[in-house]
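Following: one structure in structure tokens, then a few remarks.
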Amino acid sequence: MANYAMAIDLDRCVGCGACVMACKAEWGVADKHRRDWVIPIQPEGEFPDAIESTFYVGLCNHCDEPSCVSACPTGATYKDIDGRVLVESDLCIGCGYCVTACPYGARYLNPETQKVDKCDFCKTRMDAGAKEPACVEVCISDARMFGDLEDRHSELWQKLVHHDTRRIATEEVDLKPNVYYLGDEHHVRQILAHFPLKKELTEPPQPAQVWTRWILPLTAAAIGLSFSGQALAFFYQLYKGEPPTEE
């Protein structure tokens, strides 16, 4: 059993976007959607007091207390034994509650499959023998690092122990994310200033919302199909000249 995590050194990131392109190529990410991102944040203020520019390098944080898991009404979103937050597509009904519940905007509803998609730390790729996710492998500045927090001898563990790290979290919204940021403290401060975390997004939907939005329509559809089947059987019996079956 592992506890996978990622570290991103924002002092080293050059904003090339190779990680984003590699992710899209690896997973066939739908147009106008993303599993990870690199967003430039411009300097603020006036020289010589201007705050330096940075990049918001983001992805699913594979949180220890994920609000998306709490929001999912079917159990399709779950946290596995190795610390990854995953989506079981067969159970996903496309309700979008988990998409709304993620304060990082790290999920999207695939317009073709009507299923939720997100970063899974390249689970399939890793299961096939790869040592690291695609985004880490292609990073030209070695700004990304991936590893197991349970392995005290891993490069990731050593990096986190011997360097100051920060996470995208606040006192109000702290889902215990497993993506760590290295570099000057202004990076995360600017990210939070431009992309504030909203506590209301992390609160699970009320049972009434789930009932009215999904359970009732699905139940009505099932009843409708049942009556349609009975009607077809009735008219087929009339066509064949058979007496209708009494129930």
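The values are calculated or read from the model by the stated rules, or taken from the named source; none is laboratory data. Here the structure is a predicted model, which means the values were calculated and not measured. Methodologically, a virtual Cβ is constructed for each residue, glycine included, from the backbone with ideal geometry; neighbour enumeration extends over all protein chains shown.
So, Ile8, is that one in contact (Cβ under 8 Å) with a residue 24 or more places away in the chain, in the same structural domain as Glu185 (by TED's automatic domain parsing) and farther than 20 Å from Pro177 by Cα or not?
In short, no.
In the list Ala71, Ala18, which residue meets the criterion of being touching a residue at least 40 places away in the same chain (Cβ under 8 Å) and closer than 27 Å to Asp142 by Cα?
Result: Ala18 is the single residue among Ala71, Ala18 that is touching a residue at least 40 places away in the same chain (Cβ under 8 Å) and closer than 27 Å to Asp142 by Cα.
Of Arg84, Arg107, which residue is surrounded by fewer than 22 Cβ atoms within 10 Å (Cβ to Cβ) and in contact (Cβ under 8 Å) with a residue 40 or more places away in the chain?
It is Arg84.
Quick check: anything in region 92-115 polar (S, T, N, Q), in a loop (DSSP other than H, G, I, E, B) and in contact with an Asp or Glu (Cβ under 7 Å, 6 or more places away or on another chain)?
Yes: one or more hits.
Could you tell me which residue of region 128-149 is farthest from the chain's Cα centre (by Cα), considering only residues that are of a type outside the set (A, V, I, L, M), assigned to a loop (DSSP other than H, G, I, E, B) and surrounded by 14 or more Cβ atoms within 10 Å (Cβ to Cβ)?
Cys139
Conditions tested, residue by residue: (1) at pLDDT 95 or above; (2) outside the structural domain of Cys119 (by TED's automatic domain parsing); (3) touching a strand residue (DSSP E or B) at 6+ places or on another chain (Cβ under 8 Å); (4) basic (Lys, Arg).
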{"site": "Lys159", "(1), (2), (3), (4)": "no, no, yes, yes"}
{"site": "Leu175", "(1), (2), (3), (4)": "yes, no, no, no"}
{"site": "Tyr180", "(1), (2), (3), (4)": "yes, no, yes, no"}
{"site": "Leu192", "(1), (2), (3), (4)": "yes, no, no, no"}
{"site": "Arg213", "(1), (2), (3), (4)": "no, yes, no, yes"}
{"site": "Leu218", "(1), (2), (3), (4)": "no, yes, no, no"}
{"site": "Leu225", "(1), (2), (3), (4)": "no, yes, no, no"}
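Kindly provide the set of residues from region 3-60 that are in a loop (DSSP other than H, G, I, E, B), closer than 19 Å to Ala134 by Cα and among the aliphatic types (A, V, I, L, M), ordered by number.
Hits for region 3-60 are Leu10, Val14, Val29, Ala30.
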